[in-house]
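First up is the structure itself, then whatever we jot down about it.
The values are calculated or read from the model by the stated rules, or taken from the named source; none is laboratory data. The structure displayed is predicted, hence computed values, not measured ones. Here the Cβ is made from the backbone with ideal geometry for all residues, glycine too, and neighbour counts use every protein chain on show.
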Amino acid sequence: MRDKLIKVYLASPRGFCAGVDRAIEIVKKSLEKYGSPVYVRHEIVHNKHVVESLKKIGAIFVEELDEIKDKSRPVIFSAHGVPKSIPAQANDLKMEYIDATCPLVSKVHREAENHNRKGDHILLIGHRNHPEVIGTMGQIQNGGIDLIESVDDARNYQNTSNRELAYVTQTTLSVDDTKEIITVLKRRFPRIKEPKKDDICYATTNRQSAVKKIASFCDMFFVIGSRNSSNSVRLVEVAKKSGCENSLLIHSESEIPFDKIDACKTIGISSGASAPEILVEEFIKNLKKKYQIEIENTEVIKEDVTFKIPGKLN
């Protein structure tokens with residue numbers, strides 16, 4: 001098939017966002033400052049390639065602080081954010097910690113706390129058991145926050161708190177699905193308070209917009225990213241809804257489905273916000289071994305967002 005020509009629509013922006021860049025940099029700077037090992041609670045970002053590369057330079061990944069035998073070593077909290085109980089536990093154990101929570105996730109935490117302080121009952125739109133959702137719900141004590149996962153949840157929700165309602169959202173959701181949920185909540189609870197600015201982060205929104213722009217031109221669409229990466233999984237859903245039913249997630253254990261690509265004239269490629277560009281380059285390199293490739297880069301917006309790392313690492 002080497003003489004077969006396939007047009008590749010390459011979505012841009014794609015890949016690393018500012019929060020992921022910052023979190024990875026925090027691990028590297030911590031290793032420079034404190035030496036090896038430093039511990040990281042939970043995957044710093046949801047990507048096996050990133051985690052393995054940081055392990056090689058001295059990061060040790062744990063799920064809970066109890067697993068850390070040498071409490072004199074620093075621990076880093078992942079980009080997804082943590083419940084309030086985790087820094088409190090680190091303080092009890094007299095452990096030094098560095099918080100790599102994405103600033104846009106921290107913004108959602110502050111919104112939830114502010115609503116709680118004002119006496120509002122909070123609805124969090126998000127996916128159960130995602131670390132970001134666990135972190136956000138863990139900012140509020142005494143059952144002051146409820147999870148809304150779907151339009152059905154929004155339709156059936158009963159406000160038994162007798163308090164004013166406010167909502168916040170996970171930062172990596174599908175923009176369109178979230179709008180549907182919010183529409184139902186506003187119809188049912190016209191006085192519900194909303195964020196001053198969307199909680200879904202700029203990178204999630206931009207990557208979804210880029211996929212929407214090209215999906216309908218494509219016979220197949222591939223999103224490079226991890227299975228546990230919410231924003232990567234959402235990109236696959238967005239591609240399907242935007243006109244390319246044949247859309248797949250390519251993760252660390254995926255085989256490239258060349259048998260299906262053989263039947264394609266056009267394919268689309270994007271990558272989740274925690275997927276390094278080298279994985280996209282490898283995917284394209286593998287395509288070039290079998291086909292002639294013509295690449296069209298489709299950019300919807302230029303991203304120039306950066307986040308500072310904590311002062312103690314400078």
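General observations
- Pairs are defined by a Cβ separation below 8 Å, a sequence spacing of at least 6 or placement on different chains, a first member in segment 250-264 that is in the same structural domain as Gly225 (by TED's automatic domain parsing) and in contact (Cβ under 8 Å) with a residue 60 or more places away in the chain, and a second member that is aliphatic (A, V, I, L, M) and surrounded by 13 or more Cβ atoms within 10 Å (Cβ to Cβ); the pairs so defined are Ile261/Ile6; Ile261/Met220; Ile261/Ile267; Ile261/Leu287; Cys264/Ile6; Cys264/Met220.
- Scanning segment 235-277 for residues that are within 20 Å of the chain's Cα centre (by Cα) and of a type in the set (D, E, K, R) gives Glu237, Lys240, Lys241, Glu253, Glu277.
- Of all the numbered requirements in (1) farther than 30 Å from Asp176 by Cα; (2) among the basic types (Lys, Arg); (3) touching a residue at least 60 places away in the same chain (Cβ under 8 Å), Lys107 misses one, and that requirement is (1).
- For segment 182-206, the set of residues classified as among the aromatic types (Phe, Trp, Tyr) and within 25 Å of the chain's Cα centre (by Cα) consists of Tyr202 only.
- Only one of the listed residues (Lys71, Lys28) is touching a Leu at 6+ places or on another chain (Cβ under 6 Å) and outside the structural domain of Val211 (by TED's automatic domain parsing). That residue is Lys71.
- Out of Ser270, Ser209, Ser232, Ser226, sole residue that is part of a loop (DSSP other than H, G, I, E, B) and not assigned by TED's automatic domain parsing to the domain that holds Val50: Ser226
- Residues that are among the β-branched types (Val, Ile, Thr) and crowded, with 19+ Cβ neighbours inside 10 Å were ranked within segment 152-173; the one that is nearest to Lys118 (Cα to Cα) is Val168.
- Counted residues, segment 183-200 - those being assigned to a helix (DSSP H, G or I) and crowded, with 20+ Cβ neighbours inside 10 Å: 1
- Exclusive hit being in contact with a His (Cβ under 8 Å, 6 or more places away or on another chain) and closer than 27 Å to Glu43 by Cβ, set Val175, Val223, Val168, Val211: Val168
- Total residues in segment 25-84, condition of a type in the set (Ser, Thr, Tyr), surrounded by fewer than 17 Cβ atoms within 10 Å (Cβ to Cβ) and not in a helix (DSSP H, G or I): 2
- Among the residues making up segment 235-251, those that are not β-branched (Val, Ile, Thr) and not in a loop (DSSP other than H, G, I, E, B) are Leu235, Glu237, Ala239, Lys240, Lys241, Ser247, Leu248, Leu249.
- Checking Glu149, Glu132 one by one, the residue that is within 20 Å of the chain's Cα centre (by Cα), at pLDDT 95 or above, crowded, with 22+ Cβ neighbours inside 10 Å and under 30 Å from Arg41 (Cα atoms) is Glu132 and no other.
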